[in-house]
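**Q** Attaching a single structure in C-alpha cells format; questions to follow.
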C-alpha cells in the first residue's frame, strides 16, 4: 500500500489517499467536491539489487551532509562506501538503516521501500553500528542469545560462534575481550537472524593492524557465505582488500564508483613499471617505438605505463634484446589513495584529519 | 508483544546486574550501611545520658509533692543528667546560655491538678518540653524517653495514661523512634537513586555505545523495550526495599504494616524516578554530565524531602520547597503506610505519588527518542 498526498486544483485542499502501485483511484475533494483521478505509479526495481538508493539528500540547516546521491548494491557483493571522516558515510548508512530521516530521496532494501516496509526489512538485515559496544557484563554467548531473542527465527548460536571463531571466548564477559574480539562479537551479533544483508559501519576503526586483519577475514568469510555486505570505511586498504564494488564519497557527493580495477583504470595511472639506474639513453625511444607510454621522472627513473600484464614481459624482452643495463625494476599499481588525491586534490588520510 | 525478548531481557539484566559488584553495593549494601550508621547514632540511648534541664514551677512543691516525685523518677531513670533551675530563671535563655538542647517545665498547678484529678477525672496537665530543633541527635530520643517515663508516672500515680502529657509541637508520636522515621525515607531515597541513575545509563551510555541505534534496526518496539526495562527496575526496587526492611526488622526490631498502598508507592516511585532519569537523559546527552545532573537533582532532594530528619526541623522556607518535591510525598506516603498506619494520610500522599509518577513517566517516554535527527 502506498500513500499519496494530492492537492485539489480548485480549492488547494490536500488529501491523503492510499493505493497499490499501478492502481488508478478516483478522488473527490472533501471541501469543494471537485472530482479527479490519482495514479499510483508502478514502481520498478532491480531484482539483482540488494540496496537501491536514489537522489538521497540530508540537510542540517544550511549544511548539506549528503547531496543527492544514488547508487546500487548488488546481491552477494561486498560494497565499500569509502571516504574520509565527515564525508557523509555514516549519515548515508544511517539513513539506509532507517536510523536517520532523509531530507528527501528513496531507499529500497531487497525491493522494499524503507519508508513503508522497514518492519519487514528488519528481519532480513543485520547491522553493526559505528563504535558499537555491547552489554559489558554479559558473556559472548549470552550476548548473542539476548539479541537473537528479538527475532522470529531461532538463531544457530553455536554455528555463529564457530563461524566467527569465538569458541574460546564464548563464556568470557564482553568487557574482558580485546578490541578485535569485541568487533568480531559485534559482527556475530549482526548475524543472529541469518540476514541477507549485513551493514558494517567502520568495523575496524581504532583496532591495531593485527586485529584489523582478523576483522577483514571475518568480513571476507561473509562474502563466501553469499551475504551482501555494506561496508563503510575510511581505510583504503580495507576497501581494496575486501570490496567488489567501491563508492568514494567526499563532501556528501559520490565522486567515483566501480570495482577496484575500474577505478584504477579510469582514474589512476594503471600499473607502472619503473626502470631504475638505467644506463641507456636510447631506451625511452626504443620503448616508445614499441607503443609504450614512457616518461623520465625527476629522479632519473624511467616510468613505463603497463596497460595489461602481458606487456610487462614485452618490456623485459626489449630491455634484454637491446642489452640495456639497469639497476632494478619495480612494478607498481595505482591505489585508491592516488585516485582520491587525483579527484579531490587531497590525500585520503589528510582529509580524514 | 515479544515476550521472548522481555523474558530474556529481564533474566540477562538481573544476571548482568549481579555481576557488577559496585552496582550491587550501591543498590543494597550502601543503604544497609546507612541504616546501621544512622540507626546506631540515633538509637544508642542505653549507653548515653542526655542533659535535661528541669524547672519546677509547682507552687505546692515540697519533698512529698507529685512534682518532686516526678523529678526523682527522671533522675533515677539513669538516662538523664538532670539540672534543676529555680522558678525565676528564664528557661529559653538558660538553655541557650548553657548550650543544652532539651528542657522540661513543670507547671505551677501540677500538684493541685493532680489532686483534683482524684475528684474530677477530666482534669489533665501538660508539661512543657523545650527543644532545639537543630539538634536532631537528641530531639526525638529525649522526647520519646520523657514520654515513656510519663506513661509510667501516670500509671503509678493515677492508673491512667491521660492525666499528664507533654505540650510541644513535634510531629513524632510517642511510640515511634528515629529509626522508624528513617527506614521509609531510606527506601524512598534508594529507589530514587537506582531509578534515576539506571534510567540515565540506559539513555546516555546505551546511546553512546550504539545499542539504541542497533535496537532501532531490530524488530523491537519502544514499548517492549521500556516494559522489559521497567520490569527489571521494579525487581531492583523491591529487592532493595526488601533488604532494607529485613535489616530494620532483624537489627532494630521494627514492625511494618504491609498493605496495598506500600506496593503502590514502591511501584509508582520506580516509574516516577525512571521518568525523571529519562527526562535528564534527553537533555544532557553526555554520560558523565548526565550523572552529574542526576546528582544535582537527587542529592538536594534527599536532604530537603525529609529523608533523614523531620521536615519540621527545617526553616519554614525549606519546608515550603519540600512540598513540591516528589520524594517528600514518597517518604511521607511510605511512613504513613508502613509505620504510622494512618490510612487518611496514606491516601493523601499516595495520590500525589501516583500523579507525579504518571506525569514524570509519560513526559520521560515522550521525550525519549531512539531515532537521530
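The values are calculated or read from the model by the stated rules, or taken from the named source; none is laboratory data. The structure displayed is predicted, hence computed values, not measured ones. Using ideal geometry, Cβ is built from the backbone for each residue, glycine included, and neighbour counts are taken over all protein chains shown.
**Q** If you scan the range A:70-89, which residues turn out to be under 21 Å from residue A:118 (Cα atoms) and surrounded by fewer than 22 Cβ atoms within 10 Å (Cβ to Cβ)?
**A** Result: A:70, A:71, A:72, A:74, A:75, A:76.
**Q** Criterion first (farther than 30 Å from residue A:122 by Cβ, outside the structural domain of residue A:63 (by TED's automatic domain parsing), in a helix (DSSP H, G or I) and in contact (Cβ under 8 Å) with a residue 24 or more places away in the chain) does residue A:273 satisfy it?
**A** Details: farther than 30 Å from residue A:122 by Cβ: yes; outside the structural domain of residue A:63 (by TED's automatic domain parsing): yes; in a helix (DSSP H, G or I): no; in contact (Cβ under 8 Å) with a residue 24 or more places away in the chain: yes.
Spelling it out, it is not the case that residue A:273 is farther than 30 Å from residue A:122 by Cβ, outside the structural domain of residue A:63 (by TED's automatic domain parsing), in a helix (DSSP H, G or I) and in contact (Cβ under 8 Å) with a residue 24 or more places away in the chain.
**Q** Now, a different point. May I ask you to list the residues in the range A:135-150 that are surrounded by 17 or more Cβ atoms within 10 Å (Cβ to Cβ), outside any helix (DSSP H, G or I) and more than 7 Å from chain B (Cβ to nearest Cβ)?
**A** Answer for the range A:135-150, where residues must be surrounded by 17 or more Cβ atoms within 10 Å (Cβ to Cβ), outside any helix (DSSP H, G or I) and more than 7 Å from chain B (Cβ to nearest Cβ): just A:139.
This table checks each residue for (1) touching a residue at least 24 places away in the same chain (Cβ under 8 Å); (2) in contact with a strand residue (DSSP E or B) (Cβ under 8 Å, 6 or more places away or on another chain).
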{"position": "A:188", "(1), (2)": "yes, no"}
{"position": "A:191", "(1), (2)": "yes, yes"}
{"position": "A:195", "(1), (2)": "yes, yes"}
{"position": "A:213", "(1), (2)": "no, no"}
{"position": "A:219", "(1), (2)": "yes, yes"}
{"position": "A:223", "(1), (2)": "yes, yes"}
{"position": "A:232", "(1), (2)": "yes, yes"}
{"position": "A:243", "(1), (2)": "yes, yes"}
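**Q** Right, here's the next one. Out of the residues in the range B:49-89 that are part of a loop (DSSP other than H, G, I, E, B), surrounded by fewer than 16 Cβ atoms within 10 Å (Cβ to Cβ) and at pLDDT below 85, state the one that is nearest to the chain's Cα centre (by Cα).
**A** Residues of the range B:49-89 that are part of a loop (DSSP other than H, G, I, E, B), as a first pass: B:49, B:57-65, B:77-79, B:86-89.
Still in the list and also surrounded by fewer than 16 Cβ atoms within 10 Å (Cβ to Cβ): B:49, B:59, B:62-64, B:78, B:86-89.
Within this subset, residues satisfying the condition of being at pLDDT below 85 are B:49, B:59, B:62-64, B:78.
On the way: B:49: 25, B:59: 42, B:62: 44, B:63: 43, B:64: 43, B:78: 29 Å.
Filtering the range B:49-89 for residues that are part of a loop (DSSP other than H, G, I, E, B), surrounded by fewer than 16 Cβ atoms within 10 Å (Cβ to Cβ) and at pLDDT below 85, the one nearest to the chain's Cα centre (by Cα) comes out as B:49.
**Q** Of the conditions (1) over 20 Å from the mean Cα position of the chain (by Cα); (2) in a helix (DSSP H, G or I); (3) closer than 24 Å to residue B:15 by Cβ, residue B:240 fails just one. Which one is it?
**A** Evaluating residue B:240 over (1) over 20 Å from the mean Cα position of the chain (by Cα); (2) in a helix (DSSP H, G or I); (3) closer than 24 Å to residue B:15 by Cβ leaves (1) as the failure.
**Q** Can you tell me which condition residue B:140 does not meet? The list is (1) under 20 Å from residue B:52 (Cβ atoms); (2) modelled with pLDDT under 70; (3) surrounded by fewer than 16 Cβ atoms within 10 Å (Cβ to Cβ), and all the others hold.
**A** With (1) under 20 Å from residue B:52 (Cβ atoms); (2) modelled with pLDDT under 70; (3) surrounded by fewer than 16 Cβ atoms within 10 Å (Cβ to Cβ) applied to residue B:140, the lone miss is (3).
**Q** Are any of the residues in the range B:198-214 within 13 Å of chain A (Cβ to nearest Cβ) and assigned to a loop (DSSP other than H, G, I, E, B)?
**A** yes
**Q** Hey, can you tell me all the residues within the range A:78-105 that are farther than 16 Å from residue A:57 by Cβ, in a loop (DSSP other than H, G, I, E, B), away from every other protein chain (no Cβ under 13 Å) and in contact with a strand residue (DSSP E or B) (Cβ under 8 Å, 6 or more places away or on another chain)?
**A** Across the range A:78-105, the qualifying residues are A:83, A:84.
**Q** Could you list all residues from the range A:317-329 that are exposed (fewer than 14 other Cβ atoms within 10 Å of the Cβ) and in contact (Cβ under 8 Å) with a residue 12 or more places away in the chain? Show your work before the answer.
**A** At the first step, the residues of the range A:317-329 found to be exposed (fewer than 14 other Cβ atoms within 10 Å of the Cβ) are A:317, A:320-323, A:325, A:327-328.
Result: A:322, A:325, A:327, A:328.
**Q** Just checking: which of the helices (runs of 4 or more DSSP H) contained wholly in the range B:292-373 hold 3 or more residues that are touching a residue at least 24 places away in the same chain (Cβ under 8 Å) and closer than 17 Å to residue B:268 by Cβ?
**A** Details: elements: B:316-322, B:326-334, B:343-367.
The helices (runs of 4 or more DSSP H) meeting that bar are B:326-334, B:343-367.
**Q** Consider the range A:286-343. How many of its residues are over 13 Å from residue A:273 (Cβ atoms) and either touching a strand residue (DSSP E or B) at 6+ places or on another chain (Cβ under 6 Å) or assigned to a helix (DSSP H, G or I) (or both)?
**A** Total meeting the criteria: 14.
Residue-wise test of (1) on the phi > 0 side of the Ramachandran plot; (2) away from every other protein chain (no Cβ under 14 Å); (3) surrounded by fewer than 17 Cβ atoms within 10 Å (Cβ to Cβ).
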position	(1), (2), (3)
A:107	no, no, no
A:125	no, no, no
A:153	no, no, yes
A:203	no, no, no
A:218	no, yes, no
